[in-house]
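*Asks:* Here it is, the structure, as C-alpha cells.
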Amino acid sequence: TATLAGEGQPLTVAATWYEADGELIFARTAGPAAEADKDYELWIIPEGQAAVSLGVLGQGETRVPVADLPAGTTLAITLEAKGGSPTGVAQGPLLVAAVVGG
C-alpha cells in the first residue's frame with residue numbers, strides 16, 4: 001500500500017497492489033475531483049525508465065492490471081485534459097507521487 005501525496009496539494013490517493021491478482025487499485029481519499037474538463041491521470045515509472053500511463057483515475061476505485069511492482073517504482077498522478085494525455089507523455093503538472101518501498 002502506498003499513499004500518493006504532494007506538498008501543499010489537497011489531493012491524496014491510496015494505491016494498493018494485490019500481487020496474487022496482478023492488480024493495482026487506486027482510490028482518491030482526499031481532495032477535490034478533477035475540474036469538469038480535466039482528468040487525473042495515473043502513471044507508473046519503473047526505476048530508470050520512462051513513465052507509462054495507466055489511464056485516468058475514475059470515481060471510486062480504479063483497478064489496473066500490473067504484473068510486477070518492484071521497489072523503487074514511482075506511482076504518480078498528473079492533471080491532464082479530459083481523457084488523459086493525448087500523446088502518452090504527461091502534459092500537465094505532477095500533483096502527487098509515491099515511491100514503492102522494498
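*Asks:* Considering only residues of segment 51-60 that are surrounded by fewer than 16 Cβ atoms within 10 Å (Cβ to Cβ) and at pLDDT 95 or above, which is farthest from Ala14 (Cα to Cα)? Walk me through it before giving the result.
*Replies:* Within segment 51-60, the first condition is being surrounded by fewer than 16 Cβ atoms within 10 Å (Cβ to Cβ), and the residues that meet it are 52, 55, 58-60.
If we keep only those that are at pLDDT 95 or above too, we end up with 52, 55.
On the way: Val52: 19, Gly55: 16 Å.
That would be Val52.
*Asks:* So for segment 16-30 (the condition being open to solvent by less than 30 Å² (accessible area, probe 1.4 Å) and at positive phi), does at least one residue qualify?
*Replies:* Within segment 16-30, one or more residues are open to solvent by less than 30 Å² (accessible area, probe 1.4 Å) and at positive phi.
*Asks:* Exactly one condition in (1) among the hydroxyl-bearing types (Ser, Thr, Tyr); (2) in contact (Cβ under 8 Å) with a residue 40 or more places away in the chain; (3) closer than 20 Å to Ala90 by Cα is false for Thr3; which is it?
*Replies:* (3)
*Asks:* Something else now. How about segment 78-102: which of its residues are under 13 Å from Ala51 (Cβ atoms) and of a type in the set (D, E, K, R)? Quick ask: steps written out before the conclusion?
*Replies:* Narrowing segment 78-102 to residues under 13 Å from Ala51 (Cβ atoms): 78, 80, 84-85, 87-92, 94, 97.
Hit for segment 78-102 is Glu80, nothing else.
*Asks:* Give the residues of segment 31-49 that are open to solvent by less than 90 Å² (accessible area, probe 1.4 Å) and either of a type in the set (A, V, I, L, M) or in contact with a Leu (Cβ under 6 Å, 6 or more places away or on another chain) (or both), sorted by residue number.
*Replies:* Residues satisfying the conditions are Gly31, Ala33, Ala34, Lys38, Tyr40, Leu42, Ile44, Ile45.
*Asks:* With (1) under 20 Å from Ala5 (Cα atoms); (2) part of a loop (DSSP other than H, G, I, E, B); (3) free of Cβ contacts under 8 Å to residues at least 24 places away in the same chain as the list, and Gly92 as the residue in question, which single condition is left unmet?
*Replies:* (3)
*Asks:* Only one of Ala76, Ala81 is open to solvent by 20 Å² or more (accessible area, probe 1.4 Å) and aliphatic (A, V, I, L, M); which?
*Replies:* That would be Ala81, the only listed residue that is open to solvent by 20 Å² or more (accessible area, probe 1.4 Å) and aliphatic (A, V, I, L, M).
*Asks:* Collect the residues in segment 79-89 that are out of contact with any Ser or Thr (no Cβ under 9 Å at 6 or more places or on another chain) and in a loop (DSSP other than H, G, I, E, B), keeping them in residue-number order.
*Replies:* Once the filter is applied, which keeps residues that are out of contact with any Ser or Thr (no Cβ under 9 Å at 6 or more places or on another chain) and in a loop (DSSP other than H, G, I, E, B), segment 79-89 yields Lys82, Gly83, Pro86, Thr87.
The values are calculated or read from the model by the stated rules, or taken from the named source; none is laboratory data. Everything quoted here is computed from the prediction, not taken from an experiment. No Cβ is skipped: glycine too gets one built from the backbone with ideal geometry, and neighbour counts run over all protein chains shown. Accessible surface areas use protein heavy atoms only, side chains included; no ligands, DNA or RNA. Shrake-Rupley method; radii C 1.70, N 1.55, O 1.52, S 1.80 Å.
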